[in-house]
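Student: Take this structure first; my questions come after.
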Amino acid sequence: MTAIRVEDLKKYYGPVHALDGLNLNVEPGTVFGFLGPNGAGKTTTIRILTGLAHPTAGRAWVAGAAVGAAAGRAVAHRIGHLPEEPAFYPWMTPREFLDHVGRVFGLSASERAARTKELLDLVGLVEASKRRIGGFSRGMRQRLGLAQALVNRPEVLFLDEPVSALDPVGRKEVLELVGKLRGQCTVLMSTHILADVERVCDTIGIIARGKMVTEAKQEDLIARYAVPAFEVESVNGFGERINGWAETLRKMSWVKTVTLDGHTARVIV
């Protein structure tokens, strides 16, 4: 049985076809990279699969249950969701916040205490467990967001652009955490950065204009489409000059493309 199954999924907003016949299959216990540019339909797909939006047409199943109003709370208690911009109560500490989430899921006091301790250790926030969330960095907030998405021990975890706004260190930390979840639950991680899915994903699906362009195991995609590429992360103040450096590279005959994402450059030759 597949953990996530989508058949001919469509979502229309007036004349805009956010999803236009999407098909998708994710195997249990794997990390699936949902790759595509901004506006391709990644977030819309996740919103439908988590019950936050209704499709115009098509069918979908998560953890063996059909997605829709009939599934209700039964499916909600079996999934975890980290949106692109997670919301927190800034006056709470991480320990208080995770305890609150545990209450929402109906965990007992002893279960909440044990799960909170386990998750704070997993995401590396034990030392910050008594600090108020309002003072956290973006990377710390993303790690806490991942912890809250795991409170109920979900069978399927949805991560929407979990590292898009992080610096290189924060990105590395969160992706390492995602990799540790392999085999414990099924993970669908959306991103527009190819290097992110290369680091942690078993299978990759590429979406464009609301349709799946291709879907295959990472090694098969690499064998089919790989080109020589280098990823450079700037340090020690070089980030201020990376744009000029990229322009110089683009003028060289042996360089095909140079793309920038914050202080990271990806060079294809």
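Student: Amide H to amide H, which residues 5 or more places from Thr56 or on other chains are under 5 Å from it, using H placed in the peptide plane?
Tutor: Amide H neighbours of Thr56: Lys10, Lys11, Tyr12.
Student: Beta carbons within 10 angstrom, averaged per residue: use that to sort the peptides 112-124, 84-96, 140-152, highest first.
Tutor: 140-152, 112-124, 84-96
Student: Quick check: the distance between the Cα centres of segment 1-61 and segment 66-116, to the nearest angstrom?
Tutor: Using only Cα atoms, the two centres lie 23 Å from each other.
Student: Before anything else, pin down the relative contact order of segment 1-102: Cα pairs under 8 Å, at least 6 apart, normalised by residue count, whole percent.
Tutor: 26 percent.
Student: Continuing with the same structure: Give the relative contact order (percent, whole number) for segment 48-154; include only Cα pairs under 8 Å separated by 6+ residues.
Tutor: Taking the mean separation of contacting Cα pairs over the length of segment 48-154, I get 31 percent.
Student: Taking the Cβ of Ser137 as the center, what net charge do the other residues with Cβ under 12 Å away carry, scoring Lys and Arg +1 and Asp and Glu -1?
Tutor: Around Ser137, the charge tally is +2.
Student: Right, another one. Show the residues, 5+ positions off or on another chain, whose built amide H is closer than 5 Å to the amide H of Met212.
Tutor: So Met212 has HN proximity to Asn23.
Student: Efficiency by 1/(1 + (r/R0)^6): what FRET value for Arg209 and Gln184, r their Cβ-Cβ distance, R0 = 51 Å, to the nearest 0.05?
Tutor: Working: r = 33 Å, r/R0 = 0.66.
Once rounded, the FRET efficiency stands at 0.95.
Student: For the pairs Lys117/Lys217; Lys130/Lys180; Lys172/Lys251; Lys180/Lys256; Lys10/Lys217; Lys117/Lys172, note any where the Cα-Cα span goes beyond 27 Å. Show your work: numbers first, answer last.
Tutor: On the way: Lys117/Lys217 35 Å; Lys130/Lys180 25 Å; Lys172/Lys251 30 Å; Lys180/Lys256 35 Å; Lys10/Lys217 25 Å; Lys117/Lys172 23 Å.
Going by Cα-Cα distance, Lys117/Lys217; Lys172/Lys251; Lys180/Lys256 fall outside the 27 Å limit.
Student: Just to check I understand the Karplus step: with θ = phi - 60° and J = 6.51 cos²θ - 1.76 cosθ + 1.60, what whole-Hz values come out for segment 168-183, glycine and proline as x?
Tutor: Whole-Hz 3J(HN,Hα) from phi for segment 168-183: x, 5, x, 4, 4, 4, 5, 5, 5, 5, 4, x, 5, 7, 4, x.
Student: What number comes out for the charge environment of Thr93, summing +1 per Lys or Arg and -1 per Asp or Glu over other residues with Cβ under 9 Å away? Show your work: numbers first, answer last.
Tutor: Values: positive: Arg95, Lys130, Arg131, Arg132; negative: Glu96.
Net charge around Thr93: +3.
Student: How much net charge surrounds Val31 when only other residues with a Cβ under 13 Å from its Cβ are counted (Lys, Arg +1; Asp, Glu -1)? Write out the running numbers ahead of the final one.
Tutor: Details: positive: Lys180, Arg182, Arg199, Lys217; negative: Glu27, Glu176, Asp196, Glu198, Asp202.
Here the charged neighbours net out to -1.
Student: If you don't mind, another one. Could you tell me which of rounded, prolate or oblate describes the chain, using a ≥ b ≥ c as the square roots of the eigenvalues of the alpha-carbon gyration tensor, with rounded for a/c under 1.5 and, failing that, prolate when a/b is larger than b/c and oblate otherwise?
Tutor: oblate
Taken together, the values in this text are just the output of simple stated rules run on the coordinates, not laboratory data. Source: prediction; values computed, not measured. Using ideal geometry, Cβ is built from the backbone for each residue, glycine included, and neighbour counts are taken over all protein chains shown.
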